[in-house]
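Data first, discussion second: the structure below is written as structure tokens.
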Amino acid sequence: MCGGALNGLLLGLLFFGVRAGSEDHPLQLDPASVVVRHRDPVLVNCTTSRYHEGIGWEASEGSVNTIEGVQFVTWRLDYITDWEIGPRCYGSFLNGTDQILLRITLYKPPDSVSISVVNHTGPMKEGKQYQLQCEVQNIAPVQYLTVKWYKGETLENQTSYDDLTKTPVNVSTTLLITPTSADDGAQYSCVAELELGPEGPQPSPEVKSDPLSITVVYPPSFHSPGNEALKKTEGEEVILNCSTMGNPSPGYSWSSPLDQTDMTVTLTSLVPGTHIYSCNASNAHGSESKEFTVEIIAIVDYLPLIAGIVAISVVIISITFFFIYCVYYKNTKMGRYDLKLGMSRTQNAHVAQNGRDSSLPMKKLTQPSLRV
């Protein structure tokens, strides 16, 4: 009996010497810490490589009595419910007792996440400030909670908490917004996210609210701001566009002589000159006016002028050709006479020109005598 005790003592001293030379504590937990969802199962081993007189677990749920002659003992729960639970593994060794506390984090995603507008219902007015509220119900632990605000897919803001309460709590956070016309129809949402670190579930548990769609009312504003000046050619179609953005949809009116209520007016057959028109767009939240100055440029008809020039040219050419023809005909078709000398001279009276350089002699005819 003494020999067995001596052998056990020597074995214990051997184990103690190895352990003491390598680690500070004879007990080790695997895993060293756990992150568990409330009411989920959990399992952790407590191990030792030293000689011991017994190891076990002490906990408000799932305690394990001292066991001798084993290298590990398991703490196991089918579901965990105690928010304040602090399991610890203990052991009795030759040099005394040792214990190690399990780092355990219980978490619970929220039952619901909702978003609302504080003290307001219905459409929002452009430029006015409003407060949105996000309510997170029954979440734990709040120290790991981050509430994120989104407009569409864009992160707008986020809030973290430093409350060390382990049990589930309700929290709320707010966001101030000043909507513009561009926010009409925008959807806001909030997300409650538990960031439990690398030992927790990946990705981090989160619950998102249903989206809150906002309606923004605002006065009309023109797509093309400022007055417009248009220049068109006579006969060309003129389109006056008075379209605006506004909520509710604006109504339209045009100054005389148009007297129309359409957003866009098409004009034809405008006479040359400058024409001025104005339109007005209005809804319950305001109105806006715009002026159009239309300059119509007359089309010059060059056809009569061209026809006149052609006619004059034809007349001039005709007269020119007629004159040339007359001169040519006179010189080539008719005789040429020399009238420099008096017709009383007989010798000259007997000569006629034949139109060439030579003269032809003419014979004087005698009148025959008539006898009765």
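Laboratory data are not the source of any read-out in this text; all were calculated from the coordinates shown. Please read all numbers here as calculations on a predicted model, not as lab measurements. Neighbour counts run over all protein chains shown; Cβ positions are idealised from the backbone, glycine included.
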Item checked: Förster radius 30 Å - calculated FRET efficiency between Ser287 and Gln133 (Cβ-Cβ, nearest 0.05) -> 0.30
Next item on the list: At 0.36 nm per residue, minus the direct Cα-Cα distance, what do Ser269 and Ala182 gain on full extension? Give it in nm, one decimal, please.
Entry: 27.3 nm
Check: R0 = 41 Å: FRET efficiency of Thr215 with Asn45, Cβ-based, nearest 0.05?
Finding: 0.10
Next item on the list: Could you calculate, for segment 86-139, the ratio of the Cα radius of gyration to the Kirkwood radius, expressed as Rg to Rh?
Entry: 1.54
Check: Hey, what D do you get for segment 112-214 in µm²/s if you plug the Kirkwood alpha-carbon radius into Stokes-Einstein at 10 °C and 1.306 mPa s?
Finding: 110
Notebook entry, point to check: How far, in nm, would the chain grow between Met245 and Tyr325 when pulled straight, counting 0.36 nm per residue and subtracting the alpha carbon separation?
Noted result: 20.8 nm
Margin query: Taking 2.2 N^0.38 Å as the expected size of a compact globular protein, what ratio does the Cα radius of gyration of segment 220-297 give against it, to two decimals?
Written below: 1.12
Item checked: Pairs from Lys108/Lys148; Lys125/Lys231; Lys125/Lys232; Lys108/Lys151 whose Cα-Cα separation, in the structure shown, is over 29 Å -> Lys125/Lys231; Lys125/Lys232
Notebook entry, point to check: For segment 165-317, how big is the tail of P(r) above 28 Å, as a whole percent of Cα pairs?
Noted result: 57
Item checked: Inter-site label distance for Thr121 and Glu234 at 7 Å from Cα along Cβ, in nm -> 6.5
Notebook entry, point to check: Are there GluC sites (Glu not before Pro) in segment 120-190 that DSSP puts in a loop and that have at most 10 other Cβ atoms within 10 Å, and which ones?
Noted result: Glu153
Next item on the list: Can you run the Rg to Rh ratio on segment 122-175? Use alpha carbon positions and the Kirkwood inverse-distance Rh.
Entry: 1.08
Check: Using modelled amide H (1.01 Å from N, peptide plane; none on Pro or chain starts), what sits under 5 Å from the amide H of Ile104, excluding residues fewer than 5 places away?
Finding: Val34
